[in-house]
Amino acid sequence: MLEAGRKSEAGITLAKPLAGGRPSTCGDRPRDGMPSLGSAGGCPAPWWLRISTVNCLDQHVEKSPNRVALIWERDEPGTAVHVTYRELQDLTCRLANTLKKYGIQKGDRVAIYMSVSPLSVAAMLACARIGAVHTVVFAGFSAESLAGRIMDSGCKAVITYNQGVRGGRTIELKATVDEAVKNCPSIKHVFVAQRTDNKVHMGDRDIPLEEEMTKADSICIPESMDSEDVLFMLYTSGSTGKPKGIVHTQAGYLLYAALTHKYVFDYQQGDVFGCVADIGWITGHSYVVYGPLCNGATSVLFESTPVYPDPGRYWEVVQRLKINQFYGAPTAIRLLLNYGEEWVKKYDRSSLKVLGSVGEPINKEAWQWFYEVVGEGRCTLVDTWWQTETGGICIAPRPSEEKAEIVPAMAMRPFFGIVPVLMDENGEVIEGNDVSGALCIAQPWPGMARTIHGDHQRFIDAYFKAYPGYYFTGDGAYRSHKGYYQITGRMDDVINISGHRLGTAEIEDAMADHPEVPETAVVGYPHKIKGEGAFAFIVLREETAHADHIKEELKTIVASKIAKYAVPDHILVVKRLPKTRSGKIMRRLLRKVVTEQSSNMGDVTTLDDPSVVKEILDAYQKYKEKNSS
Ligand code: WT7
């Protein structure tokens, strides 16, 4: 247990004695078999109303305070930090009291722009504890993306680090926040924690977080919340418009994250659960933070990259931390596969029981390598399909039941309560097996998103309009002759770059800022490592010898307006884009070009001028020849 004045492993110096050992002052005694609130001090409302953090912290602190909640695998190899449930509760309560001190209240929105660490987890839980709504913004997003999310959600505060550290490089988080909040009048305070020893500029509204936490009380009575109150929102891309703030609520989300974590990964008490996703994505929310903590698990926080300091990093961590379940993205597996098996075999992986894949379709080669080389053919490999909107895994094999039956690269079976259906082009349900269609879900489930922040109509339009009465996922799927599901990919203008979801319209909107480029169209193309990459077709205002220069400028614009990963790999100048008579760009044709399926262009009769197809194909061929030589 931590003592006053001692620096905690998570980097906080504690000034006041902790709550440990204090008798419970709860007025409402727990019912038989239900966890009590013990260490949280006097409580004005029954425990079951204070949903998230009580389930993620207090119930475990009561029973086993010294169980390790988080293992922070820092970027610097071999410097892992262990944080017990008691310590995490302490961090959370101090952070929560700090937020309160600066006027953050139930219902307020708070942006978290931090790399993964015990403090960033505590920041999420602290918001939940006081009933504030967190919106975590992936620390790789640009200042403009961050500002857009802050403005849309009306955040009152941002919690950030002075700098981040990833793959041996420092990332200027605070400087990016400064840039972002310049135009965000709703922001009253920026809480700045220290990840590195470097000093950063601190202005009037900036508050040194650890200093305040040291002074803060370590007891924070959780706010009473209704099961349908908002827990968090998380921005994700759609096929049109700006990213949307997907809203998840207290009880249903937490229940669903916890249940899927337990059953899909066969999580047993004492297991070390290693999900290497960042907290900036839904995977980090559900399977680094909420699911594992609700189940009293030990959850690994992975701050680094799969290739730092070398391509053995994941497996060295598996060996050192004795990870039992390893959950990662196909893009990383494809990357590591290229470095060869030696990097895996160097390390003892006997602790591994279940491997998981998430975020994008996993190709057979990557599946086999993950299964045979990493898992020694001994571990169950679960390909898990879900979305930011679904809150948790919806389609996946269940390791406890059917290891022998799992078909490579198949998401397999719906989770409890999920009713998938496939739809044909006329909006009719497709019955039977060995069929493909648009993947919909026929009835609600606890973890489903409740709305889009500030725009419920957009929520209805995006998910419930295409197939009335059904939730439309945006994905296509195949149902095998045995009734198992395989996800075939997005059916809309959303692409998936290294497991990161992006609307092609967002890239187009960013590029539209260039004065020399009146028109653009972006489509996804298959990329060996990233799964998909962005391919941009652009029209220039006038012919110029500076096309290469303009392309570089476009790349810079996209990086600064969205994020580095959104930058198109290819930019091809064309004279005009394929448009219908009503002026709509036919991206479908461009997709055929970049996936080299031009022999099967489909129906082109609605094109304004069908000769544009040959024009673009010729330009593409020339571009390919030039770039392969
Ligand atoms: C989209 C959702 C799921 C959390 C991380 C991404 C694609 C996700 C799989 C999978 C094939 C998958 C879908 C989905 N996707 N998992 N196992 N097989 N495709 O969440 O950013 O909301 O993206 O990712 O296209 O719609 P997200």
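The shape of the stretch 75-215 can be summarised by an equivalent ellipsoid whose semi-axes, obtained from the alpha carbon gyration tensor, come to 21, 20, 13 Å from longest to shortest.
For the stretch 225-296, the extents of the C-alpha atoms along the principal axes are 44, 30, 16 Å, listed from largest to smallest.
3J(HN,Hα) along the stretch 258-267, derived from phi through the Karplus expression 6.51 cos²θ - 1.76 cosθ + 1.60 where θ = phi - 60°, amounts to 5, 5, 5, 4, 5, 8, 6, 9, 6, 5 Hz, with x in place of Gly and Pro. Here the spin labels are modelled as points 7 Å beyond Cα on the Cα-Cβ line, and at HIS570 and ASP455 they lie 3.1 nm apart.
Within the accessible area of the stretch 101-231, what % is carbon and sulfur when the probe is 1.4 Å and the other protein chains stay in place? Display every interim value, and only then the final one.
Numbers: 2230 of 4710 Å².
C and S atoms contribute 47 percent here.
What share of the DSSP beta bridges in the chain is antiparallel, in percent to the nearest 5? Roughly 55 percent of the DSSP beta bridges within the chain come out antiparallel. The convex hull around the C-alpha trace of the stretch 314-363, projected and averaged over every direction, spans 3.4 square nanometres.
Report the rotationally averaged projected area of the stretch 111-168 based on its alpha-carbon convex hull, in square nanometres.
Numbers: hull surface 16.5 nm².
For the Cα atoms of the stretch 111-168, the hull's average projected area reads 4.1 nm².
Divide the volume of the convex hull around the Cα atoms of the stretch 472-547 by the residue count and you get 120 Å³ per residue.
Using only alpha-carbon positions, what ratio does the radius of gyration of the stretch 58-154 give when scaled by 2.2 N^0.38 Å?
Details: Rg = 14.8 Å, N = 97, 2.2 N^0.38 = 12.5 Å.
In units of the 2.2 N^0.38 Å rule of thumb, it is 1.19.
Between the residues ALA216, ALA69, GLY375, the greatest Cα displacement towards the positive end of the dipole of the chain, with unit charges on the Cβ of Lys, Arg, Asp and Glu, is found for ALA216.
Multiplying the residue separation of ASN183 and GLU405 by 0.36 nm and removing their Cα-Cα distance gives an extension gain of 74.5 nm.
Average the reciprocal distances over every distinct pair of alpha-carbons in the stretch 464-511, invert the result, and give the Kirkwood radius in Å.
On the way: mean 1/r = 0.0782 Å⁻¹.
After inverting the mean inverse Cα-Cα distance, the result is 12.8 Å.
To the nearest 10, the accessible area of THR240 is 90 Å² with a 1.4 Å probe.
When ranked by the protection proxy of mean other Cβ atoms within 10 Å per residue, highest first, what sequence do the peptides 554-561, 336-343, 272-279 form?
Working: 554-561: 18.8, 336-343: 15.1, 272-279: 24.0.
Going by the mean number of other Cβ atoms within 10 Å, highest first, we get 272-279, 554-561, 336-343.
Between ARG320 and GLU228, the modelled labels are 4.8 nm apart [label points 7 Å from Cα along Cα→Cβ]. The calculated pair-distance distribution of the stretch 428-471 uses every alpha carbon pair, bins of 10 angstrom beginning at 0, and gives 23, 49, 22, 6, 0 percent.
Per residue, the convex hull spanned by the Cα atoms of the stretch 419-521 measures out at 147 cubic angstrom.
The calculated P(r) of the stretch 346-448, using every Cα pair and 10 Å bins from 0, goes 14, 39, 32, 11, 3, 0 in percent. Using R₀ = 25 Å, calculate the FRET efficiency as 1/(1 + (r/R₀)^6) where r is the Cβ-Cβ separation of THR170 and ILE207; round to 0.05. Calculated value: 0.70. Evaluated with a Cβ-only charge set (Lys, Arg +1; Asp, Glu -1), the stretch 395-488 carries a dipole of roughly 320 debye about its Cα centre, given to the nearest 20.
In plain terms, if you count all Cα to Cα distances in the stretch 288-432 and split them into 5 Å steps from zero, the share in each step is 2, 9, 17, 21, 20, 15, 8, 4, 3, 2, 0 percent. Computed about its Cα centre, the charge dipole of the stretch 214-291 is approximately 300 debye, with only Lys, Arg, Asp and Glu carrying charge at their Cβ.
Please give the peptides 227-238, 253-264 ranked by average Cβ packing (other Cβ atoms within 10 Å per residue), highest first, as a rough proxy for protection. Walk me through the numbers on the way to the answer.
Working: 227-238: 21.8, 253-264: 24.1.
So the order, starting with the most tightly packed, is 253-264, 227-238.
Dipole check for the chain: with +1 at the C-beta of Lys and Arg, -1 at the C-beta of Asp and Glu, and the Cα centre as origin, the magnitude is about 900 Debye. Computed from phi, the 3J(HN,Hα) profile of the stretch 496-509 under the Karplus parametrisation 6.51, -1.76, 1.60 (θ = phi - 60°) reads 10, 9, 6, x, 9, 7, 8, x, 4, 4, 5, 5, 4, 4 Hz, with x in place of Gly and Pro.
Considering only the Cα atoms of the stretch 517-629, their convex hull presents on average a projected area of 7.8 nm². Along the charge dipole of the stretch 191-325, Cβ charges K/R +1 and D/E -1, which of TYR253, GLN319, VAL288 sits furthest on the positive end? Result: GLN319, furthest along the dipole toward the positive end.
Can I get the semi-axes of the stretch 403-455's equivalent ellipsoid? Compute them from the C-alpha gyration tensor as square roots of 5 times the eigenvalues, in angstrom, largest first. Show your work: numbers first, answer last.
Values: eigenvalues 117, 69, 20 Å².
That gives 24, 19, 10 Å for the three semi-axes.
Partners of LYS353 within straight-line reach, counting lysines whose Cα lies under 29 Å from its Cα and excluding those fewer than 8 residues away in the same chain: LYS63, LYS262, LYS322, LYS345, LYS364, LYS403, LYS482, LYS528, LYS530.
Over its Cα atoms, what ratio of radius of gyration to 2.2 N^0.38 Å does the stretch 159-270 give?
Values: Rg = 18.6 Å, N = 112, 2.2 N^0.38 = 13.2 Å.
Ratio of Rg to 2.2 N^0.38 Å for the stretch 159-270: 1.41.
Working note: 222 nm ellipticity from helices only, DSSP H runs with n ≥ 4, each -39,500 (n - 2.57), summed and divided by the residues of the chain, gives -7500 deg cm²/dmol to the nearest 500.
So what does the Cα-only Debye profile of the chain read at q = 0.05 Å⁻¹, as log10 I(q)/I(0), no solvent term? Result of the Debye calculation: -0.22. If you roll a 1.4 Å probe over the stretch 332-417 with all protein chains in place, what percent of the accessible area is carbon or sulfur? Ligands and nucleic acids excluded, carbon and sulfur give 53 percent.
State in Å² the accessible area per residue of the chain; use a 1.4 Å probe, count heavy atoms of protein chains only, and round to the nearest integer. Don't jump to the answer; show the numbers that get you there.
Working: 24770 Å² over 629 residues.
Accessible area per residue, the chain: 39 Å².
Highest average first, the peptides 111-122, 362-373 ordered by how many other beta carbon atoms sit within 10 Å of their residues are 111-122, 362-373. For the pair LYS101 and THR605, the difference between a 0.36 nm per residue extended length and the Cα-Cα distance amounts to 175.0 nm.
Extending 7 Å from the Cα toward the beta-carbon at both LYS199 and SER598 defines two label points whose distance is 6.0 nm.
The values are calculated or read from the model by the stated rules, or taken from the named source; none is laboratory data. Quick caveat, the model's predicted, so the values are computed rather than measured. All Cβ positions, even for glycine, are placed from backbone atoms using ideal geometry, and neighbour counts span all protein chains on display. Remember, those area values only see protein heavy atoms, side chains included, never the ligands or the DNA or RNA. Shrake-Rupley method; radii C 1.70, N 1.55, O 1.52, S 1.80 Å.
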